[in-house]
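Visitor: The structure's right below; bear with me while I get my questions together.
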Amino acid sequence: MRKPIIAGNWKLNKTIAESRELSAQLAKSLKEIDDREIIIAPVYTALATVADVIKSSPIQLAAQNCYPEKDGAFTGEVSPEFLQDAGCQYIIIGHSERRQLLNETDHFINQKLFRVLETGLKPILCIGETLQERENNRMLDVLTTQIKGGLANLTAKQMATVVIAYEPVWAIGTGKTASAEQAEDVHSFIRGLLQELFDSKVATQTRILYGGSVKPNNVDELMSQKNIDGALVGGASLNAEDFVRLVQFEN
């Protein structure tokens, strides 16, 4: 039985004060939840503050990115060790915005994933195709390349704490979303690929999240699908009422 995850990626939003307020609202509203994991990912500057606010709640903390070195002369970067020190349990890596805007490669993302695992944190590996790639019937090839590259050289044992988030780029922040059936088909494909790359145990146990304009009005249908184990949410995670509703999905 895969425990569902609802994760909120706040992206470049919320000051420290605003992050404290939102996380306090969530901690109060979600304090009794224990049958699903709740994760929020504020900006770097608010991590330690939010960690303190949510410490007695079931909410876990994630960073939105990391650099694949422990320390050293890497101006402007933050390592998994420092993020762990700030209170993080998860780190998001390979988000499409970083792939597109900052030209992150599968190899670089793979380096990050290894460093996250070595630090004892849990990675959320993001994958997803653009609209052009989907329309050119390259979706499955793109996803296969991203998964094989991102998970290169990992063992089945290391996969135990890896979470995969499928985010079709064309559905992020656009108001568009894949239908529940479209999302389920892709999640099923990903699970089959994991079986090919590792084994049936990894395929069965790995949690695969959907991201792409997940909102209160579509979360129940998405979460009712056999292979969708949760959601990585952008805009809707910035509003306490909306995010609470997502966490309280019914399927």
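The values are calculated or read from the model by the stated rules, or taken from the named source; none is laboratory data. The model shown is predicted, which means the values in this text are computed figures rather than measured ones. Glycine also receives a Cβ, built like all others from the backbone with ideal geometry; neighbour counts cover every protein chain displayed.
Visitor: I'd like to know if segment 126-135 contains one or more residues that are part of a helix (DSSP H, G or I) and within 18 Å of R207 (Cβ to Cβ).
Guide: no
Visitor: Taking segment 222-251, which residues are touching a Ser or Thr at 6+ places or on another chain (Cβ under 6 Å) and either closer than 19 Å to A171 by Cβ or modelled with pLDDT of 95 or more (or both)?
Guide: Within segment 222-251, N227, F243, V244 meet the criteria.
Visitor: Give L125, L117 a once-over and let me know the one that is within 19 Å of the chain's Cα centre (by Cα) and more than 16 Å from I208 (Cα to Cα).
Guide: The conditions single out L117.
Visitor: Give segment 46-78 a look and list any residue that's farther than 20 Å from I124 by Cα and among the polar types (S, T, N, Q), or say none.
Guide: T49, S56, S57, T75 - these are the residues of segment 46-78 that are farther than 20 Å from I124 by Cα and among the polar types (S, T, N, Q).
Visitor: On the basis of being within 25 Å of G234 (Cα to Cα), at pLDDT 95 or above and in contact with a Pro (Cβ under 9 Å, 6 or more places away or on another chain), does V163 make the cut?
Guide: Working: within 25 Å of G234 (Cα to Cα): yes; at pLDDT 95 or above: yes; in contact with a Pro (Cβ under 9 Å, 6 or more places away or on another chain): yes.
For V163, the condition - within 25 Å of G234 (Cα to Cα), at pLDDT 95 or above and in contact with a Pro (Cβ under 9 Å, 6 or more places away or on another chain) - is met.
Visitor: I've got another one for you. Contact list please: Cβ distance under 6 Å, first residue in segment 135-161 and in contact (Cβ under 8 Å) with a residue 24 or more places away in the chain, second residue outside any helix (DSSP H, G or I) and among the acidic types (D, E), pairs at least six apart or on different chains.
Guide: Filtered contacts from segment 135-161: M139/E129; A156/D199.
Visitor: Still on this model: Could you please find all residues in segment 171-206 being in a loop (DSSP other than H, G, I, E, B) and at pLDDT below 95?
Guide: Going through segment 171-206, the residues in a loop (DSSP other than H, G, I, E, B) turn out to be 172-179, 198-199, 206.
I172, G173, T174, G175, K176, T177, A178, S179, listed by residue number.
Visitor: Which one is nearest to K28 (Cα to Cα) among residues in segment 216-246 that are assigned to a loop (DSSP other than H, G, I, E, B) and among the small types (G, A, S)?
Guide: G234
Visitor: Only one of (1) closer than 22 Å to Q64 by Cα; (2) surrounded by fewer than 19 Cβ atoms within 10 Å (Cβ to Cβ) is not met by L209, so which one is it?
Guide: Just one mismatch for L209, condition (2).
Visitor: Among the residues of segment 115-143, which ones are surrounded by fewer than 17 Cβ atoms within 10 Å (Cβ to Cβ) and basic (K, R)?
Guide: R138
Visitor: Output the residues belonging to segment 199-221 that are among the hydrophobic types (A, V, I, L, M, F, W, C) and touching a Ser or Thr at 6+ places or on another chain (Cβ under 8 Å).
Guide: The one that is among the hydrophobic types (A, V, I, L, M, F, W, C) and touching a Ser or Thr at 6+ places or on another chain (Cβ under 8 Å): V214.
Visitor: Could I ask something else about it? Given the conditions (1) in contact with a Phe, Trp or Tyr (Cβ under 9 Å, 6 or more places away or on another chain); (2) free of Cβ contacts under 8 Å to residues at least 40 places away in the same chain; (3) under 25 Å from I147 (Cα atoms), report the number of the one that A41 does not fulfil.
Guide: That leaves (2) as the condition not met.
Visitor: Identify the residue in segment 81-114 that is touching a helix residue (DSSP H, G or I) at 6+ places or on another chain (Cβ under 8 Å) and within 19 Å of V50 (Cβ to Cβ) and, among all such residues, is surrounded by the most Cβ atoms within 10 Å (Cβ to Cβ).
Guide: It comes out as I91.
Visitor: Now a separate question. For residues in segment 49-94 being outside any loop (DSSP other than H, G, I, E, B) and β-branched (V, I, T), which is nearest to L113 (Cα to Cα)?
Guide: Taking the candidates together, the pick is I93.
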